[in-house]
Amino acid sequence: MKTLIFNMESDIELSEEDEKKLREAGEIIKAGGLVAFPTETVYGLGGDGLNPGSSKKIYAAKGRPSDNPLIIHIYRMEDLYKIASDVPSKALKLAEAFWPGPLTMIFEKKDIVPFETTGGLNTVAVRMPDDDFARGLIKFGGGFIAAPSANLSGKPSPTSATYVLEDMEGRIDAVIDGGKACIGLESTIVDMTVEPPMILRPGFVTAEDLKEVIGDVTQDATLMRCDVNQAPKAPGMKYRHYAPKGELTIVKGENEKVIQYINENINKARNKGEKTGVIATAENIDRYDAHVVKCAGSRLQNKEVASNLYEILREFDDEDVSVIYSEAFDEEGLGQAIMNRLLKAAGHRVVTL
Ligand code: AMP
Ligand code: MG
């Protein structure tokens, strides 16, 4: 299959030309095809969420286990009621505050949503993205686009069309190139079928943000730890994910000790013939002596770190780095999402000094 590339040009307002491309891409979705598209979080791999055949194709293109449900993306509020059977008032408050935006909510599903899309569950995950290209594609593609991240299963989510093509060229019908996804980490997922609502995946919308709008929220116990004896409530969170090919270790502790530990271990690995890499904060970037040192951003700028993380993990792959050490990040606010993804990428390999 040849993968079509739609290059988008609009900046603030959607041009007529770009709208034409989105209509064409929407037709592909309606005909049961797959189109990858930008969102404000990461690139999604879209298919018609109400068509079981499309969802099957998504799993096949990604190599994703079929018990890992897909998020349905909508572009207007009224469509939520067509797929969710019970929408609690707290969900309306959250939608008011964070939609369109990087928040996914889980509801009891209506019959119209096929089990192929929900991985066999009676619940459905729904998000309304903010990106104009995404919203146009959803509108012209029938209103309900099922879309996981547009990477091969297990790889870091793509934050640009280039990375989508690296994984998906020849496996999907088209990709919409709309530049870099600005947030860089997947949406926050909140289960609205339980009371109080529960965070199943941390993201750009933080626990504090949610609490300000609806009061108490709880958190899946498995998010930041691997020693909890229960399965994560979002099936996808149980898989090793976001992982680079090299062996990644996170080092926690007092700054000077972390730098010293990483340099010592980088040297050992280098002497064994490994190609070494470090994920460093801007504050420490000049202190490391590895083959490849990547700056995640300033320790004081979580947003910068979030938007760089997946690209850095993929660059290590491009450069065939085999041993990687990363500094740890503060787990406050958005830092929780960053550490959640980093812990998964490292398979929870953490050294605490
Ligand atoms: P991705 O599409 O790669 O962002 O992954 C979607 C995430 O949403 C996965 O971790 C899924 O397990 C989770 N998810 C989707 N639908 C549901 C649902 N109905 N219940 C719980 N988790 C869900
Ligand atoms: Mg994913």
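Points to keep in mind about this one:
- At q = 0.17, 0.29 Å⁻¹, base-10 log of I(q)/I(0) for the range 117-175 (Debye sum, equal scatterers on each alpha carbon): -0.73, -1.23
- Relative to the dominant Cα principal axis of the chain, helix 255-271 is inclined by about 80°.
- Cα-based shape type of the range 1-141, given that a ≥ b ≥ c are square roots of the gyration tensor eigenvalues and the cut on a/c is 1.5: oblate
- Charged side chains reduced to their Cβ positions (Lys and Arg at +1, Asp and Glu at -1) give the chain a dipole of some 1180 debye around its Cα centre.
- With protein chains left intact and a 1.4 Å probe, residues in the range 191-280 average 50 Å² of accessible area per residue.
- The C-alpha atoms of the chain define a longest principal axis, and helix 334-345 lies at about 80 degrees to it.
- Relative to the dominant Cα principal axis of the chain, helix 302-318 is inclined by about 80°.
- Which of 91, 218, 134, positive extreme of dipole for the chain (C-beta unit charges): 218
- The range 1-77 versus the range 105-170: alpha-carbon centroid distance in Å: 7 Å
- Computed from the Cα positions only, the extents of the chain along the three principal axes stand at 57, 47, 36 Å, in decreasing order.
- Working from Cα pairs under 8 Å separated by at least six residues, relative contact order for the chain is 19 percent.
- Among the protein heavy atoms of the chain, carbon and sulfur supply 47% of the accessible surface, probe 1.4 Å, non-protein parts ignored.
- Placing +1 on the Cβ of every Lys and Arg and -1 on the Cβ of every Asp and Glu, with nothing else charged, gives the range 105-243 a dipole about its Cα centre of roughly 260 debye.
- Rg/Rg_ref, the range 104-147, where Rg_ref = 2.2 N^0.38 Å and atoms are Cα: 1.22
- What you get for the range 2-127, charging only the Cβ of Lys and Arg (+1) and of Asp and Glu (-1), is a dipole of about 580 debye around the Cα centre.
- The value of relative contact order for the range 289-353, using C-alpha pairs under 8 Å at least six residues apart, is 24 percent.
The values are calculated or read from the model by the stated rules, or taken from the named source; none is laboratory data. In this text the structure is predicted, and so the values were computed from the model without any measurement. Quick reminder, even Gly has a Cβ in these numbers, built from the backbone with ideal geometry, and neighbours come from all protein chains shown. Ligands, DNA and RNA are excluded from the accessible area calculation, which covers all protein heavy atoms including side chains. Shrake-Rupley method; radii C 1.70, N 1.55, O 1.52, S 1.80 Å.
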